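Here's the structure we're looking at; comments come further down.
The values are calculated or read from the model by the stated rules, or taken from the named source; none is laboratory data. Note that the structure is a prediction, hence the values are computed from the model and not measured. Cβ sites come from the backbone with ideal geometry, for glycine too, and all protein chains shown count toward neighbours. Quick note on the areas: whole protein, heavy atoms, side chains included, nothing else; ligands and nucleic acids left out. Shrake-Rupley method; radii C 1.70, N 1.55, O 1.52, S 1.80 Å.
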Amino acid sequence: QVQLVELGGGLVQAGGSLRLSCTASGRTYVMGWFRQAPGKEREFVASIRWSGGQTFYADSVKGRFTISRDNTKNTVYLQMDSLKPEDTAVYYCAAKSGGSHYANAPRLYDYWGHGTQVTVSS
């Protein structure tokens, strides 16, 4: 069983930046970030392979968000720049034990964090 702990949420003005982190208690194959706004389904944000660092982004965040990892710390980061009010959501870290990093469906992931709130004011 792998535990995931997210840190870094908060309140920021539109155009600002935040960095989220997710530390895993064990090693997995792919890490992802998802988000869920009130009344909406959980949606994919970005993913990364631990080995090689290949990344995959949702079109809605491409060019504004950057996912990265620090293998020595078992930690994945989500740098969020040029934030918009529509980015407001609870952000979840997720991990999968194998397969492709082109994984944008929640059902493909095996482990989940508890989430961290990101609020972008206009």
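Looking only at the range 49-67, how many residues end up being part of a loop (DSSP other than H, G, I, E, B) and hydrophobic (A, V, I, L, M, F, W, C)?
Going through the range 49-67 one residue at a time, the tally reaches 3.
Could you list, in sequence order, all residues of the range 68-103 that are outside any strand (DSSP E or B), without any contact (Cβ under 8 Å) to a residue 24 or more places away in the chain and under 11 Å from A46 (Cα atoms)?
Once the filter is applied, which keeps residues that are outside any strand (DSSP E or B), without any contact (Cβ under 8 Å) to a residue 24 or more places away in the chain and under 11 Å from A46 (Cα atoms), the range 68-103 yields nothing.
What residue, among those in the range 72-87 that are out of contact with any Gly (no Cβ under 9 Å at 6 or more places or on another chain) and among the polar types (S, T, N, Q), is farthest from L18 (Cα to Cα)?
Residue satisfying both the conditions and the ranking: T72.
When you check S51 against the structure, is it among the hydroxyl-bearing types (S, T, Y) and within 14 Å of the chain's Cα centre (by Cα), yes or no?
no
From the list A58, A46, exactly one residue is modelled with pLDDT of 95 or more and either among the basic types (K, R) or surrounded by 19 or more Cβ atoms within 10 Å (Cβ to Cβ) (or both). Which is it?
Unique residue meeting the criteria: A46.
Evaluate the range 110-117: report whether one residue or more is buried (at least 18 other Cβ atoms within 10 Å of the Cβ) and more than 26 Å from Q13 (Cα to Cα).
The answer is yes; a qualifying residue exists.
Can you tell me which of (1) open to solvent by 70 Å² or more (accessible area, probe 1.4 Å); (2) at positive phi is the one G52 doesn't meet?
Among (1) open to solvent by 70 Å² or more (accessible area, probe 1.4 Å); (2) at positive phi, the lone unmet condition for G52 is (1).
From the list S25, S17, pick out the single residue that is at negative phi and touching a residue at least 60 places away in the same chain (Cβ under 8 Å).
None of the others qualify; the one that does is S17.
Search the range 81-115 for residues being among the aliphatic types (A, V, I, L, M) and under 16 Å from F56 (Cβ atoms), and hand back the single one that is farthest from the chain's Cα centre (by Cα).
Across the range 81-115, the extreme among qualifying residues is L108.
Tell me, which residue of the range 69-109 that is among the aromatic types (F, W, Y) and modelled with pLDDT of 95 or more is surrounded by the fewest Cβ atoms within 10 Å (Cβ to Cβ)?
Y77
Could you please find all residues in the range 13-43 being of a type outside the set (G, A, S), open to solvent by 20 Å² or more (accessible area, probe 1.4 Å) and either modelled with pLDDT under 95 or out of contact with any helix residue (DSSP H, G or I) (no Cβ under 6 Å at 6 or more places or on another chain) (or both)?
Residues satisfying the conditions are Q13, L18, R19, T23, R27, Y29, Q36, P38, K40, E41, E43.
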